[in-house]
Each structure stands twice: as structure tokens, then as C-alpha cells.
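*Asks:* Below are the C-alpha cells for one structure; questions will follow.
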Amino acid sequence: MTAHTYEYKQVADEYDSSTYDNNADSKYSTDIHRRNINWQGYTDNKYINANELQLIQQYDKQPADTQCHYLQQQDNAQKLLVLLFKLLDRIKARDTVEYIIQMLGTILLDYDKRTSSQQFTTTLLQLQHSSGTGSPTNKSSTIDIYTPLLRIISNLGEEKFHSIVIHTTSQILATLLIAALDKHYLTPQSPPLINYCRFLSNKLQSYSNSGNYRELQFILQSCKILLQHQTAQQVFISVGGLQAMAEILSSDSKTGNKLSHNTQLLYLVGFNLWLLSFNDVILQKAGELHLIQKIVSVVKSVNIEKVVRIYYAVLRNILEHVEKLQHDPKAVSNGTSTAGQHLIEEMIGSGLLSITESLLRRRYKDPDLQSDLEYVVKTLRVSIERLSNFEIYSGEITTGNLSWTPAHTNEQFWRENISKFDAEDYKLIRRLIALLGDNNDEVREVAAHDLGEVARFHPEGKQLVARLGGKAKLMALLKDKSQKVAKSALLAVQKLMISSWESLAKSSQGGVQALVSNKK
């Protein structure tokens, strides 16, 4: 299944690449176009023969209408494309290679002006692949369309290519790969597909360290082409692509760049996540990548309508996946539906319902966005009715979205649920200890309080909190800049050190009891 069958909700029209026009890139592209390549010299050096020289001269530097007419002759188009790819494989000179890439980009990518571009792509694939064998169909026209392009985007040779050339090459490769997948020439095990997905994933990972907006833009545009196909999605996810893309949404503190202020880049990340959200695999990966929290952070802080719309389209897709899996016996038995349920708990724990209700009151003009908002609200409300108090509480801890909701101060809640804190090697206790280092004062305050309640109600709570490193962190919080956090930490420490907290609480009319009453 390709994204051609997806309901695009017109989101594909939102992105305007002109927003990213870079003067240096445009100038370099113009400089490439103006180059006069000495094709005769390549004849002298035996790179091309006399017939091939004539072939390329009949096309190169001709008026656009002449070039279009030339390419409309199928035999001409096939011979020229074969020649250009052979030259990419033979010639190493940067100026010539960049010029050939620009020629190929014009032929294969310029869909607006050349309606035959898809036909040219088909021609190349037929020359590259025979029916299921993976070898060229025409031995006299043997070409390798993948290797030269992969070599150029790796940019590892002596001649370093300009970023705009890498970008064009990447888009050509993505276009060829998705067409090959559509025609079943490639499988998930095909090296060209795997190597290209690794290239994209590595580049996305490098952004978290470099903060290079322009390079990120180029890579996301290539992803936007490739990830329209489900097989490409699976390979991309398997080589760490989804993880790298999710990391971009939380890379601000590392790079010093605020992606939330770059609307177009944020939108492009969302668009690619939307494409990936049609794949069931995202349910298994989203939890471990904390993807829901990152998406909620975006819709909570960004007010641009098209950005809000694309991220809510992602959320809706995920919720629809979960709903479908809940009625699938196979998904229930293999645990996939459970993973989906955890994502809903994360949405609830992160406060998505209240955020969405607030956005819904704005009455957006876009009917798709309005519909998605209504769907998310309806689905989360139904889910909350089904969930127990502990499941909602667990969602809060998992997302780190702690606030003074009723469960935290309800003794009955703690008495009934304290044994559940043992699950998954004390996962929730470990998470509470980690949240003591959160930047938000209220999160630290509530986490300290809850650790005190663990010490108070769990039979081995005092030893557990101490053994897992919680006691030392609570002691450090006694000097926290926030008075409320310091008080909450003091109460927790006292619960760790005092054997009978209830007796102390009853006998202390000032001291501890006063601190309890002041926790808010």
C-alpha cells in the first residue's frame, strides 16, 4: 500500500518549498546550469563514443521546448537516460557529475512541466530490473541506477558535492525507489532500499548534534517522497528512522535551536510522522520513544493551524489503530493491543484531553482539523470512563505530567494500589525518582510527595526508595530553590526515616502537620 491511497486531507498542499529558498543554493544551482561541459573531451578520453556524443549534444543546451520534444521520442529518452547513468558511473569530475545530476533532476523530478517524467522513471526501472531477477533486461543497455546515486549522497570521495546537489540526488533516488517498490522490483531486503533508509536515518540523527536547519529540510523532503510506501516505512523504522525523527522533536536543548519557532520544519516532521502513522509498527515503537509526549508538547506550544492539524492527524491515526486492534483477537493475544492501550493512557496522562478541549473551543475553519479534534476528545473521554484511577495515575507518571490530581492525596488510592508499584522491576518508583530532577517545580514537588507515600504504604517502601537512589535525591531537594519542593522533600524524608508516620502526624499540630497543610 502506498500513500497514494491515503486520505491526504489536503495536507500535502500546505508545504511551500519556496519558504526555504536559500540564496547560496539558488546561485549554485544557476551556476551549474550555466556550465559548458566539454563533451568532446570525454570522447577523446574514450568515456563516450561518437554516437553518444551526438546523442547528448542533441539535448544539452537546447531550448526547453526542443528538449521536451526530444524526450517525447521514447527511443531518444531511453538512450539518453542510459548514457547519463553510465557517465555517472564512469566520470568522477565534480563539475560534470553535478551537471548530470541537474539534468536528471529536470527529467525525473519536474512533474509540473514534463508529464512524461513517470514514464522516464518506468523506463529506467525496466532497464535496471528484469521480471523478478534483479538483473538488467537488456544486456546491451546494462546500467546501474542505484549505486552511482548512493555514492554521490554519501559524499565520501575526494570531490565534495554541494548540498543542493546532494538534495537533488536524494530526491531522484527516493523517486526511483518508491517506483521500484510499486512495481515490486524491490523487497525489504534489497540493499539499495536499506542503504538509502540508513542514509536518511543517519542524517536525521546528525541533526540532533548539528542543528543544521537547511540539511534537515532537505532530508525531510526526501523522506516525504520515500515514506509514501509501506515497505519503505518498515525499512525506515527498522534502521532507526522513526527514533531519529522523534528525537528531532526533543533536540532543542541539545542544539540550542528552537524547532518550535521554525513552522515549516516542524510541519515537515509532522507530515512524515503522519505518513508513518499509517503503519501498525508505530504502535510498538511510539511508547518506547515517548512519541506521544513529544506530539502533545507540540500541539500545546504551537498555535499555527497547519502544524496543529498535521499533528492531530497523527494522533487520530494512532487512536484509530488502537480501536481497530482492540477488536482483533490476534492483536489481543500477541500484546499489540496492550501497547496501543498504553499510548491512550499516555495521552490522558499528558493532559491531551484538556488541551484538545481548549483548541476545540477556537472553532477552526478547517473541517478536517475540527473533525480530528472532536474525534480525539470523544475517544479520550470514552477511554477515561473505562480506565481505573491507577491506569490514569500510571499515565501521568509515564509522561511526567505530574500535578496535584486527587489520586496523589487519596489514602484509599495508595492502600488499594501500592502492590502495583512492584510491576516491571519497580518501574513507577524508578520513574518517580527520575522526576525529582525535572525542570518543573510542581513535578518535583508531586514526585517527592509520592515517594513519601511509597515509603509510607509499601511494606518495603523505605528500603526500596533508598536502594533505588531516591533517598539521596530527596535529601538534595531539601535545598531546592522552590520552597514547596523543599517542604515536599522534607516530608518524604521524614516518612523514610520514621517508623510510624501516622502516630507522628496525629501528635504534631505544628511541624509535620503544618507542612502537610501547606503542600499546595
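*Asks:* Before we move on, is residue 402 at pLDDT 90 or above and either in contact with a strand residue (DSSP E or B) (Cβ under 7 Å, 6 or more places away or on another chain) or surrounded by 15 or more Cβ atoms within 10 Å (Cβ to Cβ) (or both)? Don't jump to the end; show me each part of the working.
*Replies:* Values: at pLDDT 90 or above: no; either in contact with a strand residue (DSSP E or B) (Cβ under 7 Å, 6 or more places away or on another chain) or surrounded by 15 or more Cβ atoms within 10 Å (Cβ to Cβ) (or both): yes.
No.
*Asks:* So in the stretch 218-233, with the set limited to residues that are under 13 Å from the mean Cα position of the chain (by Cα) and over 13 Å from residue 172 (Cα atoms), which one is surrounded by the most Cβ atoms within 10 Å (Cβ to Cβ)?
*Replies:* 227
*Asks:* Here is a check on your reading of the model: is residue 433 in a helix (DSSP H, G or I), more than 13 Å from residue 489 (Cα to Cα), open to solvent by less than 50 Å² (accessible area, probe 1.4 Å) and of a type outside the set (Lys, Arg)? Reasoning before the result, please.
*Replies:* Values: in a helix (DSSP H, G or I): yes; more than 13 Å from residue 489 (Cα to Cα): no; open to solvent by less than 50 Å² (accessible area, probe 1.4 Å): yes; of a type outside the set (Lys, Arg): yes.
Here the answer is no, as residue 433 does not meet what is asked.
*Asks:* I would also like to ask the following. Would you be able to say whether some residue in the stretch 350-367 is buried (at least 21 other Cβ atoms within 10 Å of the Cβ) and not in a helix (DSSP H, G or I)?
*Replies:* yes
*Asks:* Tell me, please, whether a residue that is of a type outside the set (S, T, N, Q) and buried (at least 20 other Cβ atoms within 10 Å of the Cβ) can be found in the stretch 410-417. Before the answer, list the steps.
*Replies:* Quick first cut of the stretch 410-417, residues of a type outside the set (S, T, N, Q) only: 411, 413-416.
Subsequent filtering for residues that are buried (at least 20 other Cβ atoms within 10 Å of the Cβ) retains none.
No, every residue in the stretch 410-417 fails to be of a type outside the set (S, T, N, Q) and buried (at least 20 other Cβ atoms within 10 Å of the Cβ).
*Asks:* Got a number for residues in the stretch 436-450 being in a helix (DSSP H, G or I) and open to solvent by 40 Å² or more (accessible area, probe 1.4 Å)? Steps first, answer last, please.
*Replies:* Going through the stretch 436-450, the residues in a helix (DSSP H, G or I) turn out to be 441-450.
If we keep only those that are open to solvent by 40 Å² or more (accessible area, probe 1.4 Å) too, we end up with 441-442.
Looking only at that region, the number is 2.
*Asks:* Give all pairs with beta carbons closer than 6 Å in which a residue from the stretch 193-208 that is open to solvent by less than 30 Å² (accessible area, probe 1.4 Å) meets a residue that is among the charged types (D, E, K, R) and in a helix (DSSP H, G or I); count only pairs at least 6 apart in sequence or on separate chains.
*Replies:* Here the result reads 208/247; 208/254, each pair linking the stretch 193-208 to a residue that is among the charged types (D, E, K, R) and in a helix (DSSP H, G or I).
*Asks:* Further question: Filtering the stretch 243-264 down to residues that are closer than 15 Å to residue 311 by Cα and surrounded by 21 or more Cβ atoms within 10 Å (Cβ to Cβ), which residue is modelled with the lowest pLDDT?
*Replies:* In this case the residue turns out to be 259.
*Asks:* Determine whether residue 391 is part of a helix (DSSP H, G or I), surrounded by fewer than 18 Cβ atoms within 10 Å (Cβ to Cβ) and out of contact with any Gly (no Cβ under 8 Å at 6 or more places or on another chain). First the steps, then the outcome.
*Replies:* On the way: part of a helix (DSSP H, G or I): yes; surrounded by fewer than 18 Cβ atoms within 10 Å (Cβ to Cβ): no; out of contact with any Gly (no Cβ under 8 Å at 6 or more places or on another chain): yes.
Here the answer is no, as residue 391 does not meet what is asked.
The values are calculated or read from the model by the stated rules, or taken from the named source; none is laboratory data. Just so we're clear, the structure is a prediction, and the values are computed from it rather than from any experiment. Here Cβ is always computed from backbone atoms with ideal geometry, including for glycine, and neighbour counts include all displayed protein chains. For the accessible areas, the whole protein counts, side chains as well, though only heavy atoms, and no ligand, DNA or RNA atoms are used. Shrake-Rupley method; radii C 1.70, N 1.55, O 1.52, S 1.80 Å.
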